[in-house]
Amino acid sequence: VSSTLLKKHKSQNKKVAMEAFSLTDRKERLRRKIEKRLKPKNTSTHSLSDGEWNSVVMQLSKMSEPQDKIDLINTLAAVDSKALPELVIKLLKDKNNDVRLAAIELLNGKEQGDILKCVEYALDDPDENVREMAVILLSDAKEPRRYAPLLTKGAGDTSEDVRASVFDVLEEQPVSVKIEVFAESIN
């Protein structure tokens with residue numbers, strides 16, 4: 001009986017510890033999961049000329065090896081362009097989970113283009129890490145009318161980590177967004 005109680009107590013402690021993760025902790029945990037595949041990112045951003053951009057897109061379309069794609073995606077870490085989300089949507093259609101995860105991670109800290117469209121697409125991804133990163137990207141979103149339904153969708157996800165990320169993101173949101181997501185989630 002005592003070993004059963006001890007196992008139950010350890011299980012409860014683990015659950016409480018998981019629930020105690022803040023949004024920052026979740027971002028860091030997710031980054032650790034993918035750091036083997038991604039190089040550290042440069043914090044400064046720049047733009048590419050149309051020719052350079054077209055060259056990158058062409059190279060990506062010709063690559064077949066996932067690691068080659070990931071390496072090229074990593075070179076875009078310092079680029080913030082309105083065309084970036086369009087490229088990410090294409091990459092989110094890749095068969096390889098690691099490529100899709102690198103693609104959605106590429107949007108972290110970016111401000112140009114329709115990032116919410118990428119998040120919406122990524123929330124249907126078969127890989128829970130891609131979906132979790134998509135939810136985390138919503139923490140910086142500025143359009144409540146557009147991102148509240150995405151948080152609601154994430155709240156109904158099959159992954160406990162994705163759902164927990166939604167509620168972590170909600171902590172920083174206006175009350176109106178919290179009410180909308182809670183009401184829809186209860187329904």
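Brief remarks follow.
- You will find that of 147, 121, the residue that is open to solvent by 30 Å² or more (accessible area, probe 1.4 Å), among the aromatic types (Phe, Trp, Tyr) and within 30 Å of residue 187 (Cβ to Cβ) is 121 and no other.
- Residue check, residue 104 in contact (Cβ under 8 Å) with a residue 12 or more places away in the chain, touching a Phe, Trp or Tyr at 6+ places or on another chain (Cβ under 8 Å), within 30 Å of residue 64 (Cα to Cα) and assigned to a helix (DSSP H, G or I): no
- All of 137, 72 fail the test of being within 21 Å of residue 182 (Cα to Cα) and either in a helix (DSSP H, G or I) or at pLDDT below 95 (or both), apart from 137.
- Within segment 124-134, the residues that satisfy the criterion of being open to solvent by 20 Å² or more (accessible area, probe 1.4 Å) and not in a helix (DSSP H, G or I) are 124, 126, 127.
The values are calculated or read from the model by the stated rules, or taken from the named source; none is laboratory data. None of the values given here were measured: they were computed from a predicted structure. Please note: Cβ atoms are built from the backbone with ideal geometry, for glycine as well, and neighbour counts cover all protein chains shown. Calculation scope for accessible area: heavy atoms of the full protein, side chains included, ligands and nucleic acids excluded. Shrake-Rupley method; radii C 1.70, N 1.55, O 1.52, S 1.80 Å.
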